[in-house]
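Remarks on the structure that follows.
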Amino acid sequence: MLETFSKVLSLSAPKFEVAGAHLKRDATVQLIEVCKALICCLKAQSVSIDELPNLPDERLPRTMRLIQNRHIDIQNHVATIVSGTGLATASWVCEFSDARTAMEGKVRCINRQSKLVNWRVAARRYWPIMIETYEWLSPLTSQLQEEAEQALQEQQVRPPTA
């Protein structure tokens, strides 16, 4: 009887340790997918922003819409990573949260400057500042993806903790 009761209690999904956070398998798989999407967005965003200074004026509005939409995607991916870890206190969770805060502050600065000067000038002058945060976030995201993938691979070798 006690053995059956013990099995019922242990039926909750096993958890994987991913860089100090304990995540269920589904959350770990989702984390990997979000990391992949974030890395792709960060690379594309950096390329687009690098092109801004030399971009002809007629292409700037379309490019800025793409940059702004991609930035929203980046913000959403970072928010998903932070919220998907629950109450984890791992240092990388704080780093992603800090990156989100830094990006929000830079966007506010860009928006303020756009009101003071021509938006084209502000875009070319201030969006490149965002690349600093993207360059900081990219290796962190790659490392997190690798650790999550490793946690899933290790699950096949040994059972995860309940």
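Results for (1) touching a Lys or Arg at 6+ places or on another chain (Cβ under 8 Å); (2) assigned to a helix (DSSP H, G or I); (3) under 27 Å from ALA27 (Cβ atoms), shown as yes or no for each residue.
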site	(1), (2), (3)
VAL78	yes, yes, yes
VAL107	no, yes, no
VAL121	no, yes, no
LEU137	no, yes, yes
ALA148	no, yes, yes
Out of (1) of a type outside the set (Ser, Thr, Tyr); (2) touching a helix residue (DSSP H, G or I) at 6+ places or on another chain (Cβ under 8 Å); (3) modelled with pLDDT of 95 or more, the odd one out for ILE32 is which? (3)
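Would a scan of the stretch 83-99 turn up a residue that is assigned to a helix (DSSP H, G or I), at pLDDT 95 or above and over 17 Å from TRP136 (Cβ atoms)?
No, the stretch 83-99 contains no residue that is assigned to a helix (DSSP H, G or I), at pLDDT 95 or above and over 17 Å from TRP136 (Cβ atoms).
Based on this model, can you work out whether TRP119 counts as aromatic (Phe, Trp, Tyr), surrounded by 15 or more Cβ atoms within 10 Å (Cβ to Cβ) and closer than 20 Å to LYS43 by Cβ?
Here the answer is no, as TRP119 does not meet what is asked.
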Given the criterion in contact (Cβ under 8 Å) with a residue 12 or more places away in the chain, surrounded by 13 or more Cβ atoms within 10 Å (Cβ to Cβ) and over 18 Å from the mean Cα position of the chain (by Cα), identify the matching residue among ARG100, ARG124. ARG124
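The values are calculated or read from the model by the stated rules, or taken from the named source; none is laboratory data. Computed from a predicted structure; not experimentally measured. Positions of Cβ are generated from backbone atoms using ideal geometry, with glycine treated the same way; all protein chains shown enter the neighbour counts.
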